[in-house]
Amino acid sequence: MEHINSFFAMLRTELAFYVGCLNLREKLAAKEEPVTFPVPGASQERCLSFKGLYDICLTLLLAQRVVGNDAQADQKDLVMITGANQGGKSTFLRSIGLAQLLMQCGMFVPAEAFCARVCSGLFTHYKREEDTAMTSGKLDEELSRMSGMVDNITPQSMILFNESFAATNEREGSEIARQIVSALLEKHIQVFFVTHQYALAHGFYEKKLDNAIFLQAERQNSGTRSFKIVEGEPQPTSFGEDLYTEVFGVTADVLETTG
């Protein structure tokens, strides 16, 4: 009897996964959000392309549909993402990671089309809040986490960086990030990096690497964010003045003049 009970307990757990998939599909269908079964490639193929990819978590939180993005990044080991503040960079990064995870679980992905290689590991390195216990500084904590990842990461892995190594000045942070990213690329690890550090992004851009692609959060001339991620050269500004104007109703240069 014990082995029969164990079998049904395991079956219940496994069926819960499929029921969860069905529930998720129904939620997305109710919002008319597209889904697709991805086309997985071998680890050595270095393929990545998608159409209408969106953040599945965000769309579940909002009443309206969310903006999807397209990209063609076959043979690209480095995807550097820069651009306007609150332009959708972090959301885009999350959509990449979630789509990769869903694909490797054998599920549908939130996109009109999606093709990616099967990676040997998926890692994330996001900035965290200050250590309230004050046992270490933010940069020390980031480097410590990076060290732990290095001990476990393998070739053909994928790692997502979001504003990493920005806890120090830009020159030092950019140099730390440059050395880490360069080492990862040498080991054939696919790197996605969201950053405001112009020195870092522009430094890699100037190298004209065949295996790198540079994306940016689109910004209209009016300062409006479209939340589209498009290919483009890194810019030395994140357009923080747009947010200042939105909050205070006056441009920063006008305030300086009247002050």
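The values are calculated or read from the model by the stated rules, or taken from the named source; none is laboratory data. Source: prediction; values computed, not measured. Here the Cβ is made from the backbone with ideal geometry for all residues, glycine too, and neighbour counts use every protein chain on show.
Name the pairs whose Cβ atoms lie under 7 Å apart, with the first residue in the stretch 110-128 and closer than 22 Å to Gly68 by Cβ, the second among the basic types (Lys, Arg) and modelled with pLDDT under 95, and 6 or more positions between them or separate chains?
Note: pairs meeting the criteria are Arg117/Arg46.
Of the conditions (1) outside the structural domain of Ser238 (by TED's automatic domain parsing); (2) within 25 Å of Ala217 (Cα to Cα); (3) hydroxyl-bearing (Ser, Thr, Tyr), Tyr54 satisfies every one except a single condition; which number is it?
It is condition (1) that Tyr54 fails.
Counting just the residues of the stretch 25-40 that are in contact (Cβ under 8 Å) with a residue 24 or more places away in the chain and assigned to a helix (DSSP H, G or I), which one comes out farthest from Ala116 (Cα to Cα)?
Residue satisfying both the conditions and the ranking: Lys27.
Restricting attention to the stretch 1-47, which residues are under 16 Å from Leu101 (Cα atoms) and of a type in the set (S, T, N, Q)?
Listed by number, the residues that qualify are Thr36, Ser43.
Could you list all residues from the stretch 103-124 that are surrounded by fewer than 20 Cβ atoms within 10 Å (Cβ to Cβ), of a type in the set (A, V, I, L, M) and either not in a strand (DSSP E or B) or not assigned by TED's automatic domain parsing to the domain that holds Phe227 (or both)?
Met107, Val118
Among the listed residues Phe192, Phe165, which satisfies the condition of being surrounded by 14 or more Cβ atoms within 10 Å (Cβ to Cβ), touching a residue at least 40 places away in the same chain (Cβ under 8 Å) and aromatic (Phe, Trp, Tyr)?
Exactly one residue qualifies, and that residue is Phe192.
Scan the stretch 82-101 and tell me whether some residue there is closer than 28 Å to Asp151 by Cα, out of contact with any helix residue (DSSP H, G or I) (no Cβ under 6 Å at 6 or more places or on another chain), without any contact (Cβ under 8 Å) to a residue 24 or more places away in the chain and not in a loop (DSSP other than H, G, I, E, B).
The answer is yes, given that some residue of the stretch 82-101 is closer than 28 Å to Asp151 by Cα, out of contact with any helix residue (DSSP H, G or I) (no Cβ under 6 Å at 6 or more places or on another chain), without any contact (Cβ under 8 Å) to a residue 24 or more places away in the chain and not in a loop (DSSP other than H, G, I, E, B).
Taking into account only those residues within the stretch 33-48 that are under 16 Å from Ile189 (Cβ atoms) and among the charged types (D, E, K, R), which is farthest from the chain's Cα centre (by Cα)?
Glu45
Can you pull out the residues in the stretch 166-184 that are part of a loop (DSSP other than H, G, I, E, B) and touching a helix residue (DSSP H, G or I) at 6+ places or on another chain (Cβ under 6 Å)?
The answer is Ala166, Ala167, Thr168.
Do we find that Asp70 is free of Cβ contacts under 8 Å to residues at least 24 places away in the same chain, surrounded by 15 or more Cβ atoms within 10 Å (Cβ to Cβ) and touching a Lys or Arg at 6+ places or on another chain (Cβ under 6 Å) in this structure?
For Asp70, the condition - free of Cβ contacts under 8 Å to residues at least 24 places away in the same chain, surrounded by 15 or more Cβ atoms within 10 Å (Cβ to Cβ) and touching a Lys or Arg at 6+ places or on another chain (Cβ under 6 Å) - is met.
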